[in-house]
């Protein structure tokens, strides 16, 4: 039985749960679907339940859509896999001519009205730091080959950090080449989260001011699923990913829901929503803090420029949520 079906059943006996459902953006299933699922263990809204037990390996496609963004279905969820480390570290040429950072508004720089006064309260890191984009790595014929030592997701993390700083939020951005660390240690790619965990734990031991943590990635699904157009510009759609192997994952879900709510209020349709996983690593170092999230920013067919635009929007909502939690009135 799915979580939403279970909540729907409880709501019949506990009316107060209806308030929670609304605040958490939970869309309850139809009564007819509840009856079918309870009787057969098949979810009419998730066709995968019909064939999961019949096709070997299909159970690995286990992502649960906690909040589905505009147009997002289970067909838009990628299968979490670990490419061979030698593929990740392979030398590839990247298209750099198109990497000129797009000009930002040239309005006179102003001091932010709010500031963390030098305290670094946000930590940004990149477990799969070499994740790149096929438009920038022309030799990549498959998503598993779209990796680069320089033109990669760490550039998006640096941009997100810059945008947060512009909004008065102190940021620490880690760009450690985790792939190289794995190679030096003789470890396979699926040890990436063990390496990044050490990085996160060291950061919070050295800086007790860290409040929010974000592990940035790019997804492996198609451009059609990961691109949003607004005011004539295209954006890489963000997707919040939760690891259900964290025993307190519901707290991380609530944090993701808060950010997703702000995105939907201001930029309807931009977010792909919130997904939870129970296979693969499925913990993502989120047991370290309830304010630690994995964010997929776009996909392998997006561009760095599209990801930069999204980073600027994410900085806006992250900053506002930080000040909200700090008890500072909105400006």
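Nothing in this text is a laboratory measurement; each read-out follows from the coordinates by a stated rule. The model shown is predicted, which means the values in this text are computed figures rather than measured ones. Note that we place each Cβ from the backbone using ideal geometry, even for glycine, and neighbour counts take in every protein chain shown.
When a/c is below 1.5 the answer is rounded, else prolate if a/b is larger than b/c, else oblate, so apply that to the range 149-259 with a ≥ b ≥ c taken from the square roots of the Cα gyration tensor eigenvalues.
Numbers: a/c = 1.38, a/b = 1.23, b/c = 1.12.
Taking the square roots of the gyration eigenvalues as a ≥ b ≥ c, the range 149-259 is rounded.
Round to the nearest 0.05 the FRET efficiency obtained for residue 86 and residue 290 when R0 = 56 Å and r is the Cβ-Cβ distance. Walk me through the numbers before you get to the answer.
Numbers: r = 36 Å, r/R0 = 0.65.
In this case the efficiency is close to 0.95.
Give me the number: length gained by fully extending residue 279 to residue 204, i.e. 0.36 nm times residue separation minus the C-alpha to C-alpha distance, one decimal in nm.
On the way: separation 75, 0.36 × 75 = 27.00 nm, distance 2.68 nm.
Separation in residues times 0.36 nm, less the Cα-Cα distance, equals 24.3 nm.
Give me the extension gain from residue 229 to residue 39: residue separation times 0.36 nm, minus the current Cα-Cα distance, reported in nm with one decimal. Numbers along the way, then the final one.
Values: separation 190, 0.36 × 190 = 68.40 nm, distance 4.23 nm.
Result: 64.2 nm gained on full extension.
Express in whole angstrom the spacing between the alpha-carbon centres of the range 259-287 and the range 152-178.
What the calculation gives is 19 Å, centre to centre.
Grab the beta carbon distance between residue 248 and residue 110, set R0 = 35 Å, and tell me the FRET efficiency rounded to 0.05. Write out the running numbers ahead of the final one.
Values: r = 40 Å, r/R0 = 1.13.
Working from the Cβ atoms, E equals 0.30.
By its C-alpha gyration tensor, with a ≥ b ≥ c as the square roots of the eigenvalues, how is the range 105-214 shaped: rounded for a/c under 1.5, else prolate for a/b larger than b/c, else oblate? The partial results should precede the final answer.
On the way: a/c = 3.79, a/b = 1.41, b/c = 2.70.
Oblate, since a/c reaches 1.5 and b/c is not below a/b.
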